[in-house]
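Each value in this text was obtained by applying a stated rule to the coordinates, not by laboratory testing. Keep in mind that this is a model prediction, so the values were computed, not measured. Neighbour counts run over all protein chains shown; Cβ positions are idealised from the backbone, glycine included.
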Amino acid sequence: MTQLTTVTVNPPWDNVFQWESKAALEVLLPNYVRTCRWFGGKAQVIRSVEIVETIPLVHVEAGSYITYIQVNYTQGQPQTYMLPLAYASGEHAARIREETSHAVVAYLQVASENEDGVLYDAVRDREFAIALLETIGQGRVSRSNAGEIVGTSTLAFGLLAGPVGESLEPRVMRAEQSNTSIVYGDRFILKLFRRFEEGVNPDLEIGLFLTEKGFGNIPAVAGAIEYRREGRDPATLALLQGFVPNRGDAWQYTLDSLGEYFRAGVGGSEIGDQGSGVGEDMLPSQQHPLDLIEEEVPIRVREAIGPYLESARLLGRRTAELHVALASDARNPDFAPEPFSGPYQQFAYHSMRGLASQAFHLLGNHLETLPEAEQAEAQIVFDRQEQISALFEPLVKWDIKAARIRCHGDYHLGQVLYTGDDFIIIDFEGEPIRSLDERRRKHSPLKDVAGMLRSFHYAAYAAMFSETARAVMDQREDLAGIEQWTDAWHLWVSAAFLKEYLAVAADAPILPRTRQELQALLDAYLLEKAIYELVYELNNRPDWVRIPLQGIMQLLKS
């Protein structure tokens, strides 16, 4: 744990944002931000951190501030983050130090008052959390010399708030990542965007659009908080949505279902005495899910997969309905479908080829250090890089008749909630490493489809790794059968998802018109996603590199 330093300030406590005290606090901030899960610059060397804006939040008796800090690096562009700060002394400070010590930024000593306290992340403060909700519900404005924080609500706010006097007690969700979420009773969830970006956040923009269109499989948008400065685009500080009771995300639901699948399939406990092997009907020579959408799922696979096969179809339907809704307003320039034009095809081609070049260079540097089991397949992929990159060529050689629309942009099983009988799609923010302009760019909806198909592949192999570990521990002899059952699950679940998606999206002119164009475009996005995954795994989890490698190899065979 980082050793905290005491900053001495002249009363009142918020003089910590002034003069020498401010400079002393800024010296401490680099060590603090490195401990925060929402901080995205951990791989970079911090040169300094500056407090660039402090806005007192109105109607908070003890006082708290929305603070923006600019993180400057030795290389690369600076980044700005939102860090709300509050002060506590006495028993309150002791409780914070004991229960949420990770939220403490610094110790404060208020001179002449002989008072010691803590400066801490105000998200952990109940009064601050309630003030955020009231800022939205009552349209409050908090001002500083440079700008103002403005709350706005939608019609959904009143519908979701419930009866007057009903408890909306706040609690901070533990699963904090690039953002921080606060749940109010069982009515609302507020997402605080820690990274500051000028312009409307896609999560708010798309959420508002879909809420107004009546799309029921997202959390309804109830309001937002924006930071506004004269002559600049507003920045989204927070998004308020209806809270959707759920059983967790679709990733965990899928892993749980895969556990049952392996017990039924490999274990054979629910499929009679046919053994654990996989037949040709279960893993046919056609390895592309488009080739199987009109085929019947083999009975042994269908019985082993069980209810999840219908879940995959439902998820395909909800995904298609999402894309149809996003393409439903030709008069709104931010959402109107646009043609798959030549300039865009050139842009997409060069972007994908550039990513592939980066990935192959990285793969070449890692070939000898990869786990032995992955080296042979990695070498094959490295040797075939020109053949692999050629899969992108239809993007520039064909006149693809399709549409580009606003998409989810970072679509996978972790971005979907499972309610027990339906799916709710969340987090339209897009890939956090990309700029706001990139995340608002229109693409083929097949980009989202490819993201979900790759997520099925990841879930299948994540479950297989666990099943293989158990098989080794139990000294079972069915290790080869485990991987065959894994591939069968991935193939037939993908086909079920894709069949339902194409059936629902068929009436919307957003997909390529021919089967050849459809597969070429889908394969380009699948390859782009697998290559993106390859870069991630090489840098973070070399033992998992076989998953994107196999995804790339399957596209070569299709």
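Here are the numbers for the structure shown:
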{"quantity": "Segment 316-453: relative contact order as a whole-number percent, Cα under 8 Å and 6+ apart", "calculated": "28 percent"}
{"quantity": "Hz values of 3J(HN,Hα) by residue in segment 360-365 - Karplus curve (6.51, -1.76, 1.60), Gly and Pro given as x", "calculated": "5, 4, 5, 4, x, 6"}
{"quantity": "Peptides 519-530, 496-507, 431-442 ordered by average Cβ neighbours within 10 Å, highest first", "calculated": "519-530, 496-507, 431-442"}
{"quantity": "Other-chain or far-sequence residues with amide H under 5 Å of E429's (modelled H)", "calculated": "D203"}
{"quantity": "Segment 287-424: C-alpha gyration tensor shape, a/c 1.5 cut-off, then a/b vs b/c", "calculated": "oblate"}
{"quantity": "Derived scalar couplings ³J(HN,Hα) [segment 37-42; Karplus, 6.51 cos²θ - 1.76 cosθ + 1.60; whole Hz; x for Gly, Pro]", "calculated": "5, 7, 7, x, x, 4"}
{"quantity": "Cα gyration tensor, segment 134-206 - rounded (a/c under 1.5), prolate or oblate", "calculated": "oblate"}
{"quantity": "Charge context of E377, other residues only, Cβ under 12 angstrom, K/R +1, D/E -1", "calculated": "-1"}
{"quantity": "FRET efficiency, 1/(1 + (r/R0)^6) with R0 41 Å, evaluated for K557 and V45 via beta carbons", "calculated": "0.40"}
{"quantity": "GluC sites (Glu not before Pro) within segment 169-253, DSSP loop, no more than 11 other Cβ atoms inside 10 Å", "calculated": "E230"}
{"quantity": "Virtual spin-label span in nm between R541 and L159, 7 Å along Cα→Cβ", "calculated": "3.8 nm"}
{"quantity": "N332-E26 pseudo-label distance in nm [points 7 Å out on the Cα-to-Cβ vector]", "calculated": "4.2 nm"}
{"quantity": "Per-pair calculated FRET efficiency, R0 = 25 Å: S351 and K397 via Cβ, rounded to 0.05", "calculated": "0.95"}
{"quantity": "Amide hydrogen neighbours beyond the local backbone of T419, cut-off 5 Å, H modeled", "calculated": "R247, I424"}
{"quantity": "Residues of segment 14-42 with amide N under 11 Å of the 7 Å Cα→Cβ point at A111", "calculated": "20-21"}
{"quantity": "Amide H contacts under 5 Å for T8, placed H, 5+ residues apart", "calculated": "Q109"}
{"quantity": "Loop trypsin sites (Lys or Arg not before Pro), segment 116-174 (other Cβ atoms within 10 Å of the site Cβ: 12 or fewer; DSSP)", "calculated": "R174"}
{"quantity": "Relative contact order %, the chain, counting alpha carbon pairs below 8 Å whose residues are six or more apart", "calculated": "13 percent"}
{"quantity": "In sequence order, calculated HN-Hα J values of segment 188-203 (Karplus, 6.51, -1.76, 1.60; Hz; x Gly/Pro)", "calculated": "10, 9, 10, 9, 8, 7, 5, 7, 7, 9, 6, x, 6, 6, x, 4"}
{"quantity": "For segment 407-432 and segment 119-192, distance of Cα centres in Å", "calculated": "22 Å"}
{"quantity": "Pairwise centroid distance, computed over Cα atoms, of segment 293-315 with segment 523-556, Å", "calculated": "25 Å"}
{"quantity": "In nm, spacing of pseudo-spin labels at T514 and A62 (7 Å Cα→C-beta vector)", "calculated": "6.7 nm"}
{"quantity": "Listed pairs K213/K557; K42/K397; K499/K529; K213/K447 exceeding 30 Å between Cα atoms", "calculated": "K213/K557; K42/K397"}
